[in-house]
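Written out below as structure tokens is the structure these notes cover.
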Amino acid sequence: MESRAAVDDAALGREAWSVLDANSTGAATVPAPGLYPHQWNWDSTFVAIGLARWDTRRAGTELLSLLAGQWHTGMVPHIVFQPAHEEVYFPGPAIWRSTEHRAAPHGVCTSGLTQPPLQALALWWVWRHAADRDTAAALVRRIYPMLVAQHGYLTTSRDLGGGGLAAIVHPWESGMDDSPVWDAPLEALPPVRRAYRREEPSQWQPDSHHDRYMALVLGYRDSGYDPAYLRDEHPFAVEDPMFNGIWLASCQALAELAPVAGADAGPHREAAERIRAALLDRLWADGAFRVRDLRAGRLSSIRTVGSFGPMLDAGLPADRVAELVVTLESASFMGAAGYPVPSCEIRAPQFDRSCYWRGPSWVNTNWLLRRAAAVHGLAGLVRVLGSQTLRLVRQAGFRECFDPFDGSGRGSRDFSWSAALTLDLLADTVEC
Ligand code: 2M8
């Protein structure tokens, strides 16, 4: 395995800051300039979380630059494009054509999909940790209404199953693009005749998963990003426990922030309760939260790191938390991995230690699970997840993801969320 000499906390912190500075455009932080030269939704939000204890203004600027891409529907897009690099990433603005849509913002090109609604949790994290209380309060008052609109969008336009959860309409909306839980819904799509690839034409293989991703994008775009099309015709509609667990935690965060914004916390608490009830009713089966494919009417048999997302809810019943912790610590996940937390259960035939979101461990999901452990007072799990995540980046650097057995780095180097969340973990060696 590629490994570096052990780095002490101060040096690790300095390295993290230099990655964030190098990946900053001034207002936004891109995930990794070579591969991902634009602003991504949950990447930027994790950056804001990482900055929260250190630099309130910069964390606020990060969130505001992302929200500059918010649509009038309330939808916060999964990519806000940086004009200088429009052609570097496929699919770029020419595919999404956001500017032709009247609900999209002017002056900025975006994608037409969203990502997990982490922004309210991040804003609350900034509020909670800010040394500069006035700046933080002003930020909350400015951003709060935007997040109310975002949650309104999820409630009105994404409850495609009618049961109180938000459905994702593309694997990219989960943030866990290649997870094996999307294999069955993708394979049920009609064959795609045209190849849409990032590679050279000689390497195109029509009807790959990537082509199906593109067919989903084009179908939704050509409907005019129409919510009725999503409800009645779009062939991919899935309820994901991580997406909805994050939404629930963000509802609870909005309830905490409402008094700062002079608003009523009640509706956010009610929303959190509705989502909890729906998660338990619709996604819990055989001791785990599972992905529900609304088009096939089926729950996935595969458990992934996303299965633990609803643990972000402090109100999740204790017996469910206990079952989830047993699974998380078992040989299916942390028990057989050298480094937490494999993105797919190790015993699943689809597990692949080196393929994106099909096995590797990620700093962002480790941070979320550590946060989930903290809300349930699981101090031992908090410590393990924190120290093992720091061990990964100390040994392999701020890589995009890591081999869960030997900790070697995979994907991009100098990856922003790995650097930013390291700053948060370094600042929080004792607190739960
Ligand atoms: C990956 O997703 C993008 C599409 O959104 C891609 O594969 O091109 C995922 O890891 C996702 O979680 C992440 O937000 C994005 C940028 O880092 O890359």
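The values are calculated or read from the model by the stated rules, or taken from the named source; none is laboratory data. No experiment lies behind these values; they were computed from the predicted model shown. No Cβ is skipped: glycine too gets one built from the backbone with ideal geometry, and neighbour counts run over all protein chains shown.
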Checklist outcome for this item: Taking segment 49-75 and the residues there that are over 13 Å from the mean Cα position of the chain (by Cα) and within 16 Å of the ligand (Cβ to nearest atom), the one that is farthest from residue 115 (Cα to Cα) would be 50
Item to check | Every residue from segment 377-432 that is among the charged types (D, E, K, R), in a helix (DSSP H, G or I) and over 18 Å from the mean Cα position of the chain (by Cα) | outcome: 383, 391, 394
Checklist entry - So which of 335, 306, 315 is within 22 Å of residue 410 (Cβ to Cβ), surrounded by fewer than 22 Cβ atoms within 10 Å (Cβ to Cβ) and modelled with pLDDT of 95 or more? => result 335
Checklist outcome for this item: The one condition residue 298 fails out of (1) closer than 23 Å to residue 345 by Cβ; (2) surrounded by fewer than 17 Cβ atoms within 10 Å (Cβ to Cβ); (3) free of Cβ contacts under 8 Å to residues at least 60 places away in the same chain; (4) not polar (S, T, N, Q) is (3)
Checklist entry - without any contact (Cβ under 8 Å) to a residue 12 or more places away in the chain, under 18 Å from residue 376 (Cα atoms) and either not basic (Lys, Arg) or not in a helix (DSSP H, G or I) (or both), is that true of residue 253? => result no
Checklist entry - Of everything in segment 255-280 that's surrounded by 15 or more Cβ atoms within 10 Å (Cβ to Cβ) and small (Gly, Ala, Ser), which residue is farthest from residue 144 (Cα to Cα)? => result 278
Checklist outcome for this item: Counting only residues that are surrounded by 21 or more Cβ atoms within 10 Å (Cβ to Cβ) and touching a helix residue (DSSP H, G or I) at 6+ places or on another chain (Cβ under 7 Å), segment 158-171 contains a total of 7
Checklist entry - Looking at segment 20-44, which of its residues are farther than 11 Å from residue 82 by Cβ and more than 20 Å from the chain's Cα centre (by Cα)? => result 21, 22, 34
Checklist entry - Hey, any hits in segment 272-288 for a residue that's in contact with a Pro (Cβ under 8 Å, 6 or more places away or on another chain) and either part of a strand (DSSP E or B) or among the small types (Gly, Ala, Ser) (or both)? => result no
Checklist entry - For residue 78, are the conditions met, namely being under 28 Å from residue 426 (Cβ atoms), within 12 Å of the ligand (Cβ to nearest atom) and in contact with a strand residue (DSSP E or B) (Cβ under 8 Å, 6 or more places away or on another chain)? => result no
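For segment 163-172, which positions are under 16 Å from residue 300 (Cβ atoms) and within 14 Å of the ligand (Cβ to nearest atom)?
168, 171
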Checklist entry - Could you list, in sequence order, the residues of segment 107-146 that are touching an Asp or Glu at 6+ places or on another chain (Cβ under 6 Å) and aromatic (Phe, Trp, Tyr)? => result 124
Checklist entry - Quick one: how many residues across segment 112-134 are in a strand (DSSP E or B) and in contact with a Lys or Arg (Cβ under 8 Å, 6 or more places away or on another chain)? => result 0
Checklist entry - What are the residues in segment 347-385 that are buried (at least 19 other Cβ atoms within 10 Å of the Cβ), under 19 Å from residue 314 (Cβ atoms) and among the small types (Gly, Ala, Ser), if any? => result 372, 373, 374
Checklist entry - Which ranges mark the helices (runs of 4 or more DSSP H) fully within segment 1-85 that have 2 or more residues being under 23 Å from residue 409 (Cβ atoms), charged (D, E, K, R) and without any contact (Cβ under 8 Å) to a residue 24 or more places away in the chain? => result 9-22
Checklist entry - Could you list, in sequence order, the residues of segment 347-371 that are assigned to a loop (DSSP other than H, G, I, E, B), within 16 Å of the ligand (Cβ to nearest atom), of a type in the set (A, V, I, L, M, F, W, C) and on the phi < 0 side of the Ramachandran plot? => result 355, 362
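Quick check on residue 86: is it surrounded by fewer than 17 Cβ atoms within 10 Å (Cβ to Cβ) and acidic (Asp, Glu)?
In short, yes.
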